[in-house]
Amino acid sequence: MNPRVSRALSVAVVTFFMAIAISFVSKILLGRVGLILGLFVLLFIVGIGVIFDVIGTATTAAKEQPLNAMASKKVYGAKQGLRMIRSADRVASFCNDTIGDMTGTVSGAIGAAIALELVSWKGAGSVCETVVSTVIIGIIAALTVGGKAWGKNAAISESEKIVLAVGKVLAWLEDSIGLVILPDPKAANRKKGRGPARTRTEGDLNSGKTS
């Protein structure tokens, strides 16, 4: 299978299950904690989408040289941040597309559930239900788009600082679990380009003896 097709399918499958899990947990929380805390759950999910959008944008905007210099000085998290920049396309696809679309879908579903909860309190008809749900979805869209617009400015102006901060989180996770979360693509390409080591044949040895 084409690597790009395989990657797209894997991202779609992961997104599908992550969206189901987050939506399921969020709706359970909404049913148990009530409307007020449910609004905080909604804001939390919108905030996740904004934060990951900032990370994806900062990764594509950051320059490799500052992180490379910090990595040579053994700054904690700089090595992980450098790997993020070298894999900027993958990081941006995951943060901006996968997480961004997933949180947008889930927040819309939770917003609709909150609208139904509000309408059920008053026992209003379909017209009121339509108005309330439309207003809530509009608020969600405004918070999401406005937050991402504000975040992009910060991501571009402070890209290296943001990448380093995320790199420190990745470094802590790697130290905790003992696994490399984001491999270095340059190191992988160097390994592929080396090929198998050449062994000395008997003819080589004989020619070496006679020379």
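The values are calculated or read from the model by the stated rules, or taken from the named source; none is laboratory data. As the structure is a computational prediction, the values presented were derived from the model and not from experiment. Cβ placement follows ideal geometry from the backbone for every residue including glycine, while neighbour counts extend to all protein chains displayed.
Okay, here's what the table says:
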quantity: Number of positions in segment 24-50 that are within 23 Å of Val145 (Cβ to Cβ) and either at pLDDT 65 or above or in contact with an Asp or Glu (Cβ under 7 Å, 6 or more places away or on another chain) (or both); calculated: 13
quantity: Helices (runs of 4 or more DSSP H) (entirely within segment 34-141) containing at least 3 residues that are farther than 18 Å from Ile181 by Cα; calculated: 35-61, 64-72, 100-122
quantity: Selected residue (only one of Ala88, Ala12, Ala61, Ala69 is of a type in the set (Gly, Ala, Ser), surrounded by fewer than 20 Cβ atoms within 10 Å (Cβ to Cβ) and at pLDDT below 85); calculated: Ala12
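Per-residue answers, yes or no, for (1) at pLDDT 90 or above; (2) exposed (fewer than 15 other Cβ atoms within 10 Å of the Cβ):
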site: Gly125; (1), (2): no, yes
site: Cys128; (1), (2): no, yes
site: Ile136; (1), (2): no, no
site: Ile139; (1), (2): no, yes
site: Ala155; (1), (2): yes, no
site: Ile162; (1), (2): yes, no
site: Trp172; (1), (2): yes, yes
